[in-house]
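Student: Attaching a single structure in structure tokens format; questions to follow.
The values are calculated or read from the model by the stated rules, or taken from the named source; none is laboratory data. Since the model is a prediction, treat every value here as computed from it, not as a measurement. No Cβ is skipped: glycine too gets one built from the backbone with ideal geometry, and neighbour counts run over all protein chains shown. Accessible surface areas use protein heavy atoms only, side chains included; no ligands, DNA or RNA. Shrake-Rupley method; radii C 1.70, N 1.55, O 1.52, S 1.80 Å.
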Amino acid sequence: EKMKREFGNLDFVVHSIAYANREDLKGGFSKIARDSFLMSLDISAYSLIPIVKHAAPLMGEGGSIVVMTFLASERVFPGYNVMGTAKAALENEVRQLASDLGPDNVRVNAISAGPLDTLSSRVISDYRDMKRIHAERSPMGRNITHDEVAKTALYLCSDLSSGVTGEIVHVDTGYNIMGI
């Protein structure tokens, strides 16, 4: 209500929220405690639902919701463990919410970014190896930049993507298409 009073309509939302206990990002996946598992899913995936519930009504004639994800939603990345499960849930939410909100002209999409130096990436064990392998095996032979992810987010938040919803857009210099 305060946002509606102060700003009027909301044009877009970027969901970039994720968390897991550091110890749950390494070791055996089967050893993750239930409470840690649930907390990771609650913060990293479920958090999108109440945000959308409150943001979508402020989008008037339509808007865009963009979510940040990672290829670990589809494949195993050692050192990512429970976050892969959380990202898989988040990507399913993107499709469900795109279906729910499509009639209101609210688009919901995700950016699946390749390895990117962030505060969060520092806690992923083997992150340096992940980044090196990504650069070696991607068709473009390099890693992505913050700028490339930002430009994709700008596209998804703008009217340039007015017919795009429910998509997972890979910004990873093509790494996701490789089989080896």
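Student: Of the conditions (1) of a type outside the set (A, V, I, L, M, F, W, C); (2) within 30 Å of GLY174 (Cβ to Cβ); (3) in contact (Cβ under 8 Å) with a residue 12 or more places away in the chain, GLY62 clears all except one; give me its number.
Tutor: Failing condition for GLY62: (2).
Student: Let me ask you something else. Can you name the residue in the stretch 127-142 that is among the basic types (Lys, Arg) and in a helix (DSSP H, G or I) and is also surrounded by the most Cβ atoms within 10 Å (Cβ to Cβ) among such residues?
Tutor: Filtering first and then ranking leaves LYS131.
Student: Please state which one of THR173, THR152, THR165, THR145 is of a type in the set (Ser, Thr, Tyr), touching a helix residue (DSSP H, G or I) at 6+ places or on another chain (Cβ under 7 Å) and either surrounded by 14 or more Cβ atoms within 10 Å (Cβ to Cβ) or more than 26 Å from VAL82 (Cβ to Cβ) (or both).
Tutor: THR165
Student: Can you give me the ranges of the helices (runs of 4 or more DSSP H) entirely in the stretch 13-122 with at least 2 residues that are among the aliphatic types (A, V, I, L, M) and open to solvent by less than 30 Å² (accessible area, probe 1.4 Å)?
Tutor: It comes to 48-55, 82-101.
Results for (1) out of contact with any helix residue (DSSP H, G or I) (no Cβ under 7 Å at 6 or more places or on another chain); (2) among the charged types (D, E, K, R); (3) modelled with pLDDT under 95, shown as yes or no for each residue.
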site	(1), (2), (3)
SER64	no, no, no
ALA72	no, no, yes
PHE77	no, no, yes
TYR80	no, no, yes
ALA86	no, no, no
ALA89	no, no, no
SER99	yes, no, no
SER112	no, no, no
LEU119	yes, no, yes
